[in-house]
Amino acid sequence: ETGVTQTPRHLVMGMTNKKSLKCEQHLGHNAMYWYKQSAKKPLELMFVYNFKEQTENNSVPSRFSPECPNSSHLFLHLHTLQPEDSALYLCASSPRGGGSPLHFGNGTRLTVT
Amino acid sequence: SQQGEEDPQALSIQEGENATMNCSYKTSINNLQWYRQNSGRGLVHLILIRSNEREKHSGRLRVTLDTSKKSSSLLITASRAADTASYFCATDGSSNTGKLIFGQGTTLQVKP
């Protein structure tokens, strides 16, 4: 148990589907993150939320839409994805922003067909 | 270009040997962190070293930081098969936005 729970663990979706990834942290942290991990590439930061406010959008296409209703929950809404969006999507949290250590969930393995 | 780049990309050693991984980065930093990732799992934070520190230890881990060369190394002593994983360095680029930039990682295999 990492303290950061991601669901589902695996997701297969077609390019016309709409789905959502969920992340929940039980650590009392105030910052939450979405990262994308593709084969042969470094982790790519997608979004950062501090105290429910988005503080970073790393030029992510609009087909990815984050939502942070409170400091414990983070969602990534997906629609009209492309096959190249297939990757491991990792959620992380930290006590605050500013470079403090991240606690990661085990990720959602997404396959877009 | 990436902030952190690890070297080597892959490393294979025998149990009991030491493993050394290197990380180079490009901009000034507040701190540098090392993470481990087992196959199919999330990353686990190992150690954080601040820009004004030169060396840090945690159990069998030893991290060094040379800000003049913009490089860091992670040494795992007396390696075990359970150390088999990918290891990543991450830097904050001296920002306070929470933006950690990761390198591509070193894949370590420790053979029993």
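None of the figures in this text is laboratory data; all of them are computed from the coordinates on show. Worth saying up front: this structure is predicted, and the values here are computed from it rather than measured. Heads up, the Cβs are rebuilt from the backbone with ideal geometry, glycines too, and the neighbour counts pull from every protein chain shown.
Brief remarks follow.
- When A:78, A:45, A:102 are checked against the criterion of being more than 11 Å from every other protein chain (Cβ to nearest Cβ) and touching a strand residue (DSSP E or B) at 6+ places or on another chain (Cβ under 9 Å), A:78 stands alone in meeting it.
- Residue match in segment B:65-74 (condition: assigned to a loop (DSSP other than H, G, I, E, B), over 14 Å from the mean Cα position of the chain (by Cα), within 10 Å of another protein chain (Cβ to nearest Cβ) and surrounded by 14 or more Cβ atoms within 10 Å (Cβ to Cβ)): no
- Meets criteria (outside any strand (DSSP E or B), farther than 17 Å from residue A:36 by Cα, of a type outside the set (Phe, Trp, Tyr) and within 11 Å of another protein chain (Cβ to nearest Cβ)) for residue B:93: yes
Residue-by-condition table, conditions (1) in contact (Cβ under 8 Å) with a residue 60 or more places away in the chain; (2) outside any loop (DSSP other than H, G, I, E, B); (3) surrounded by fewer than 15 Cβ atoms within 10 Å (Cβ to Cβ):
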| residue | (1), (2), (3) |
| --- | --- |
| A:23 | yes, yes, no |
| A:29 | yes, no, no |
| A:46 | no, yes, no |
| A:75 | no, yes, no |
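- In segment A:48-75, the residues that are of a type in the set (Ser, Thr, Tyr) and within 14 Å of chain B (Cβ to nearest Cβ): A:49, A:55, A:59, A:71
- For segment A:77-107, the set of residues classified as closer than 21 Å to residue A:41 by Cβ, within 11 Å of the chain's Cα centre (by Cα) and buried (at least 22 other Cβ atoms within 10 Å of the Cβ) consists of A:89, A:90, A:91, A:92, A:104, A:105, A:107, listed by residue number.
- Close pairs from segment A:52-66: first within 17 Å of residue B:102 (Cβ to Cβ), partner among the charged types (D, E, K, R), Cβ under 9 Å, at least 6 apart: A:56/B:99; A:58/A:44; A:58/B:99; A:60/A:36; A:60/A:44
- Every test in (1) within 13 Å of the chain's Cα centre (by Cα); (2) in a strand (DSSP E or B); (3) not aromatic (Phe, Trp, Tyr) is passed by residue A:12 save one, and that test is (1).
- Restricted to segment A:2-21, and to residues there that are among the polar types (S, T, N, Q) and within 13 Å of chain B (Cβ to nearest Cβ), the residue that is surrounded by the most Cβ atoms within 10 Å (Cβ to Cβ) is A:6.
- Residues being closer than 15 Å to residue A:109 by Cβ and within 16 Å of the chain's Cα centre (by Cα) - total across segment A:24-42: 5
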